[in-house]
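Values in this text are rule-based calculations from the coordinates and carry no lab data. Everything numeric in this text was worked out from a predicted model, so none of it was measured. As a convention, Cβ positions derive from the backbone with ideal geometry for all residues, glycine included, and neighbour counts pool all protein chains shown.
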Amino acid sequence: MAKLSVNDLEKIKSDSAPAIAFQDRTYCLICGGTGCHATGSIAVKTALEQEIEAKGIADRVKVVETGCNGFCAMGPLLVVHPGDIFYQKLTADDIPELVESQLVKGQTVERLFYKDPVSKQRIASQNDIPFFAHQMPRALRNKGLINPEDINDYIGRDGYFGAARALFEMTPEEITEQMKISGLRGRGGAGFPTGVKWDFARKSGGAVKFVLCNADEGDPGAFMDRSILEADPHAVLEGMIVAAKAIASNQGYIYVRTEYPLAVRRLGIAIDQAKEYGLLGENILGSGFDFNIDIYQGAGAFVCGEETALMRSIEGRRGMPRPRPPFPAHKGLWDKPTILNNVETFANVPQIMLQGGAWYASVGTETSKGTKVFALSGDVNNIGLVEVPMGTPLRKIVYDIGGGIPKKKKFKAVQLGGPSGGCIPEQFIDTPVDFEAIVKVGAIMGSGGAIVMDENTCMVDMARFFMEFVQDESCGKCTPCREGTRRLLQVLEKICEGHGKPEDIQILEELSDVIRSASLCGLGQTGPNPVLSTLRYFKDEYNAHIYEKRCPAKRCVALLKFEVDPDVCTKCGACFRACPTEAIAWKKKEVARIDKEKCIQCMTCFEKCKFDAIS
């Protein structure tokens with residue numbers, strides 16, 4: 001087809017308006033993110049389409065597969081418009097009733113509504129559900145609303161108008177100035193001001209420059225970037241076009257891990273569509289500006305999230321960091337000036353160009369502007385993607401949005417910043433989420449992983465888990481990280497196995513300081529954070545492991561006795577029925593007994609006992 005002009009964009013937006021506003025018919029928006037695919041949304045979508053066809057209502061009802069809706073724990077999800085009716089945890093068996101009631105008779109199916117864990121009330125409208133009501137979607141503004149594989153849907157929501165403004169109405173200097181005014185800081189973890197980074201590259205000499213998008217999301221529990229790519233890939237492409245104009249680049253790369261097949265596929269579709277419309281390639285929108293984007297698939301090395309390691313990987317070399325300076329803005333990919341931002345950062349750029357930097361800066365705190373996306377997971381009722389204004393207290397994220405801790409257990413800590421972050425304990429749950437406040441309490445913002453832990457979490461074992469990840473992902477280039485993290489892991493393993501000694505705490509502290517100060521890149525420099533933060537706030541648990549040979553959370557198997565407390569046992573037999581090795585002897589109205597020779601310490605009895613009768 002012919003390449004588009006700005007006037008063509010306006011026409012597509014106008015033609016798409018009724019569908020985007022859900023005014024011309026009934027729309028069934030079914031979540032098509034990886035999480036919902038895994039829980040059966042494809043089968044639900046097929047059943048929905050077949051039932052609509054069988055009822056003869058296909059002319060007035062349209063089924064749209066969107067990207068990730070955000071409420072991952074409740075999938076498969078369906079939202080019906082008009083009306084904003086939210087249905088959750090669907091199966092193909094639910095569809096006949098739903099179609100007959102909702103789409104034929106106009107009557108809702110209350111049993112499929114979301115049930116609030118606090119009020120126990122069923123809620124019909126998506127916007128009335130606390131998980132959504134307390135959020136402010138900006139980077140996620142299109143989640144669950146558009147078909148990510150249809151560029152017209154994106155254009156209908158003001159897509160590519162920010163790029164058009166940057167291409168036709170702004171100079172590179174004006175673009176970087178608006179980015180500075182916005183206060184947008186890199187959302188990949190470091191938090192460096194985006195406008196300042198772009199300005200460095202803009203002022204660097206040379207005819208060849210590169211724009212890179214880091215989609216190599218590797219933190220345990222993190223799925224922010226993957227979800228944006230699956231739900232709104234064009235937002236990332238548009239942000240990269242703006243960045244390219246700002247620094248005079250004609251080539252971009254999106255570095256995405258191979259483990260994200262759906263994101264890779266939708267990115268490829270988006271790039272092909274943008275090229276077909278003339279939004280990528282030569283003479284974009286008739287502006288005279290050329291820019292291309294290619295996808296580079298990484299092999300899943302966590303260290304390639306570090307910018308210089310990522311660039312070496314694209315160059316075809318082993319992904320290992322190099323010393324800085326020189327910084328990539330002056331000497332990056334193939335020794336050319338390069339800017340690198342992550343997916344969430346680029347997703348914010350189009351709206352900043354369209355609304356202005358001051359609009360973006362109107363939300364947030366003095367030093368941390370705008371919103372932040374978190375992947376909320378762990379011991380929390382509402383698992384999913386959360387976007388809130390910077391400065392929002394952690395308590396609001398965990399309780400108001402997350403719905404609190406399951407089974408009425410106590411909140412213990414939240415791990416922010418992934419394996420490079422730290423554990424924030426209950427005493428600091430009112431800490432606002434901004435870059436400086438989070439650092440003060442011993443964590444980092446990171447890319448946005450937030451793992452909630454309840455009272456049954458062993459913090460020594462949690463530190464061991466993250467150190468195992470860091471040690472495994474170390475590229476091995478520098479000795480402090482390669483050998484230091486290995487030694488930290490060995491000490492933590494020894495403590496968890498009941499062989500800890502009093503001097504081990506001093507070893508952990510001193511070794512962590514050496515690794516942080518002497519490592520080459522951010523992996524080693526922040527790797528000991530989980531150890532230091534748990535030592536800072538939960539030293540009593542370390543002491544219990546070392547001096548008393550006891551795990552207070554009853555999670556370290558080597559320190560458990562696997563005995564039934566006769567004074568606490570309710571004689572219910574739950575442990576007896578669950579034991580896979582028949583190691584538990586029990587009769588009605590009698591206290592259970594554990595045969596230690598048959599016991600394989602699988603923790604099943606401990607987890608099934610609701611009365612903490614097993615120690």
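For segment 407-514, the set of GluC sites (Glu not before Pro) satisfying both a DSSP loop assignment and a count of at most 16 other C-beta atoms within 10 Å is given as E455, E497. I'd like the Kirkwood hydrodynamic radius of segment 33-96, using the inverse of the mean 1/r over distinct C-alpha pairs, in Å. Hydrodynamic radius (Kirkwood, Cα pairs) of segment 33-96 is 12.1 Å. Ellipticity at 222 nm from helices only: DSSP H runs of n ≥ 4 in the chain, each -39500 (n - 2.57), divided by the residue count, give -11000 deg cm²/dmol. Shape analysis of the chain yields a ratio of the Cα radius of gyration to the Kirkwood radius, Rg/Rh, of 1.00.
Extents of segment 159-361, largest first, come to 41, 36, 32 Å (Cα atoms, principal axes, whole angstrom). Are any of the pairs K11/K203; K203/K369; K197/K396; K55/K275; K89/K554 more than 30 Å apart by Cα-Cα distance, and if so, which? K11/K203; K197/K396; K55/K275; K89/K554, as the Cα separations exceed 30 Å there.
In plain terms, the residue of K369, K331 with the fewest other Cβ atoms within 10 Å comes first and the most crowded comes last, giving K331, K369. Expressed as a fraction of 2.2 N^0.38 Å, the C-alpha radius of gyration for segment 255-401 is 1.27.
Close amide-amide hydrogen proximity is noted between V63 and C28, each under 5 Å apart and 5 or more residues distant or on a separate chain (H modeled in the peptide plane; Pro and chain starts excluded). Placing +1 on the Cβ of every Lys and Arg and -1 on the Cβ of every Asp and Glu, with nothing else charged, gives segment 371-454 a dipole about its Cα centre of roughly 300 debye. For C423, the residues whose modelled amide H falls within less than 5 Å of its own, excluding neighbours fewer than 5 places apart on the same chain, are S533, T534.
Residues whose amide H comes within less than 5 Å of that of Y296, counting only those at least five positions distant or on another chain, are I254, Y255, V256 (H built at 1.01 Å from N in the peptide plane). Quick one: Cα centre-to-centre distance for segment 546-615 and segment 251-291, in angstrom? Between the Cα centres of segment 546-615 and segment 251-291 lies a distance of 57 Å. Against the compact-protein benchmark of 2.2 N^0.38 Å, the Cα-based radius of gyration of segment 1-69 scales to 1.40. For the charge dipole of the chain, defined by +1 on Lys and Arg C-beta atoms and -1 on Asp and Glu C-beta atoms about the Cα centroid, which residue among I151, F131, F465 has the Cα displaced farthest towards the positive pole? Value: F465. Charging the Cβ of each Asp and Glu at -1 and of each Lys and Arg at +1, and nothing else, the dipole of the chain about its Cα centre rounds to 1120 debye. Bridges between two residues of the chain, per DSSP, are antiparallel at a rate of about 55%. Short to long, the 10 Å bins of the Cα pair-distance histogram for segment 561-615 hold 29, 63, 8 percent of all pairs.
Dividing the convex hull volume of the alpha carbon atoms of segment 43-189 by its residue count gives 158 Å³ per residue. Loop-located trypsin sites (Lys or Arg not before Pro) in segment 1-78 (DSSP state not H, G, I, E or B) with no more than 13 neighbouring Cβ atoms inside 10 Å: R60.
Along the axis of the charge dipole computed for the chain (Cβ charges of +1 for Lys and Arg, -1 for Asp and Glu, origin at the Cα centre), the listed residues M445, F22, P96 are led at the positive end by M445. When each of W198, W359, W586, W334 is scored by the number of other beta-carbon atoms lying within 10 Å, the sequence from fewest to most is W334, W359, W586, W198.
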